[in-house]
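Worksheet for the structure shown next.
The values are calculated or read from the model by the stated rules, or taken from the named source; none is laboratory data. Small disclaimer: the values here were computed from a predicted structure and weren't measured. Every residue, glycine among them, receives a Cβ derived from its backbone with ideal geometry; neighbour counts consider all protein chains shown.
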Amino acid sequence: MSTLSLSVISVVSSILLLWWIFKPGIPTGLFLCRQPVEWSPSSNWSPRPMTQHLWYVRSKGTVSGPFPAPQIRQAFSVGELDLRDAVSLDGEHWLSLMDAGLLEVRPGKAASAETDEDWRQEREKARLRWLNDSVEDRATSAPPDAGVDDKLRRHEAEIRSMLMAERNKRPAFAAGLASVLILLLVGIGVWMGQSRESGIQTSLATKVRDCAQPPGEGVAWAGCVKNDSQLAGAVLRNANLAKVGLERADLSGADLSYANMNGADLRGANLRNAVLRGASLRQADLTGADISGADLDFAVLTDARLEGVRMDATSLQQSTWPDGRVCAPASLGSCQ
């Protein structure tokens with residue numbers, strides 16, 4: 001698989017991950033999820049075992065539902081319900097939200113699954129509470145109490161703030177994770193661009209070549225095999241010699257100024273007194289070559305192989321050494 005294909009796969013995977021983090025969840029509005037329905041109790045109703053309670057909701061005289069408890073808590077947290085609204089398991093016996101215990105928040109602890117026996121006990125408790133003092137009787141007969149109202153409002157505000165805090169935890173985490181992913185993608189893109197720059201240039205250079213062309217300034221020999229060639233004193237300024245094969249070639253006294261010799265094979269070549277000023281020799285192989293007395297001022301030798309190279313009196317002013325160092329202006333015979 002090519003490097004470009006891996007880059008595309010990496011970017012697509014990151015986009016899918018970001019979409020999953022920010023994808024729309026369940027609508028927050030309780031009454032946006034279901035339309036209000038009129039409740040008509042059945043005379044032959046009997047309890048049925050359930051794994052999760054579903055509650056009918058009565059708000060402002062309208063009965064709707066049934067809804068699971070988490071959805072009712074969510075509607076309360078956004079202000080669609082208040083503590084004076086009533087809920088019921090069967091549509092007959094009503095409890096206020098405060099008395100029903102649906103708004104209890106226990107962060108970090110998941111509710112355990114309810115058994116059939118728990119469900120029956122809860123139903124019996126609801127029936128007894130309704131027989132003793134129904135929510136409707138309290139609402140019509142009890143006079144308003146300012147102290148109770150204040151306490152109720154404070155309790156409602158505390159519960160709503162706790163629910164909102166729990167709901168806001170995930171967006172903050174998601175935003176942080178998205179920022180890290182974006183920075184990571186930018187870093188990978190920069191690194192890949194730098195690492196592939198020289199490879200792209202060399203690839204483009206090898207597409208245009210004419211191996212039969214005689215030596216001359218600007219000649220296009222990229223990728224050609226010219227081993228053992230006799231090119232002493234040849235003028236090859238600005239020549240395209242990327243990945244050219246010049247093993248054991250005689251290039252003594254040749255003018256190779258500003259030539260592109262990236263990846264060239266110059267093993268055992270004779271480059272005595274040659275002029276390679278400003279030439280690019282990235283990843284070139286000069287193993288055993290003789291460059292004594294040659295002019296390599298401002299040449300680029302990044303990642304080049306120089307094992308066994310003879311460089312007596314070779315000028316290396318401001319040239320770039322294989323390890324990335326820039327040689328001092330007075331460098332002669334070695335990079336200083």
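Limited to region 286-324, what total is found for residues that are buried (at least 20 other Cβ atoms within 10 Å of the Cβ) and under 11 Å from Leu266 (Cα atoms)?
The qualifying residues number 5.
What residue, among those in region 78-107 that are at pLDDT 75 or above and of a type in the set (Val, Ile, Thr), is surrounded by the most Cβ atoms within 10 Å (Cβ to Cβ)?
So the residue we want is Val87.
Would you confirm whether any residue within region 230-238 is assigned to a loop (DSSP other than H, G, I, E, B) and closer than 24 Å to Pro329 by Cα?
yes
Identify all residues within region 259-307 that are over 16 Å from Ala249 (Cβ atoms) and acidic (Asp, Glu); write none if there are none.
The answer is Asp295, Asp297, Asp303, Glu307.
How many residues does region 134-168 hold that are modelled with pLDDT under 65 and within 21 Å of Leu102 (Cα to Cα)?
Qualifying residue count, region 134-168: 6.
Looking at Arg267, Arg282, Arg209, Arg277, which is the one that is in a loop (DSSP other than H, G, I, E, B) and in contact with a helix residue (DSSP H, G or I) (Cβ under 8 Å, 6 or more places away or on another chain)?
When all the criteria are applied, what remains is Arg282.
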